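Novice: Submitted below is the structure of interest, expressed as structure tokens.
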Amino acid sequence: MTASFSVRNVGTVAPLYGPQLPALNSVRLRSVNLNWRGPELALRLDLPAPPLHLPDDWTAAGANTVQVHLRFLAVADLVLSAWEPPVTARISMAPLPGDEHRVRVTASAAGGTFLEFTASADVLAGHVSGFRLGPDGSDDGPHLFLSKVDAKRNSTIPDPCEKTFYGR
């Protein structure tokens with residue numbers, strides 16, 4: 001059984017999707033980032049459904065895809081194998097028996113499950129951006145960020161070593 005998870009900072013995605021993210025049944029998983037300061041993992045992914053409302057500047061720029069970071073807290077029991085990004089994956093969550101606030105998260109693709117971990121059921125969303133998907137499925141072009149801070153600092157997705165973007 002797949003459990004829904006709560007986005008603690010739902011206001012981050014609410015301007016686009018309302019109070020809930022779309023189902024994560026077919027997302028383009030771009031990166032998995034482990035935070036060295038704590039048991040924390042961030043998934044950078046393209047959401048599978050168009051937003052309910054697309055900002056005017058995104059429409060003018062031809063943005064057709066929404067990307068978001070989902071940050072999982074209190075991560076344990078991590079297993080990552082045979083994964084070459086980007087890949088279209090199904091992200092599913094199931095409640096842990098006997099623990100109402102922890103979930104088992106799995107990411108699977110055509111070749112099977114390649115990522116598993118347990119985490120808090122509360123998830124943080126961040127770095128929400130819109131961009132025009134490249135013909136080859138790339139996301140290396142300009143990104144328009146919802147956050148004013150992200151928009152001021154970035155016009156594209158920073159390199160993975162950019163701690164202020166991928167970390168806390």
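All of the numbers you see were taken from the coordinates with simple rules; none came from a lab. The model shown is predicted, which means the values in this text are computed figures rather than measured ones. All Cβ positions, even for glycine, are placed from backbone atoms using ideal geometry, and neighbour counts span all protein chains on display.
Novice: Being over 22 Å from Ser147 (Cβ atoms), surrounded by 12 or more Cβ atoms within 10 Å (Cβ to Cβ) and not basic (Lys, Arg) narrows it down to one residue among Leu34, Leu16, Leu54, Leu29; which is it?
Specialist: Leu34
Novice: Say we look at segment 43-67 and pick out the residues that are outside any loop (DSSP other than H, G, I, E, B) and touching a Ser or Thr at 6+ places or on another chain (Cβ under 8 Å); which of these is farthest from Ser129 (Cα to Cα)?
Specialist: If we take residues in segment 43-67 being outside any loop (DSSP other than H, G, I, E, B) and touching a Ser or Thr at 6+ places or on another chain (Cβ under 8 Å), then Leu43 is farthest from Ser129 (Cα to Cα).
Every residue, every condition in (1) charged (D, E, K, R); (2) surrounded by fewer than 17 Cβ atoms within 10 Å (Cβ to Cβ); (3) touching a residue at least 60 places away in the same chain (Cβ under 8 Å); (4) not in a strand (DSSP E or B), yes or no:
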residue	(1), (2), (3), (4)
Glu100	yes, yes, no, no
Thr113	no, yes, no, no
Ala119	no, no, yes, no
Leu133	no, yes, yes, yes
Gly137	no, yes, yes, yes
Leu144	no, no, yes, no
Val149	no, yes, no, yes
Pro158	no, yes, no, yes
Phe165	no, no, no, yes
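Novice: Consider Ala89 carefully, then state whether it is assigned to a strand (DSSP E or B) and small (Gly, Ala, Ser).
Specialist: Numbers: assigned to a strand (DSSP E or B): yes; small (Gly, Ala, Ser): yes.
When the stated conditions are applied, Ala89 passes them.
Novice: Would you check if Leu47 is within 17 Å of the chain's Cα centre (by Cα), more than 15 Å from Ser26 (Cα to Cα) and of a type outside the set (Gly, Ala, Ser)?
Specialist: Numbers: within 17 Å of the chain's Cα centre (by Cα): yes; more than 15 Å from Ser26 (Cα to Cα): no; of a type outside the set (Gly, Ala, Ser): yes.
The answer is no for Leu47.
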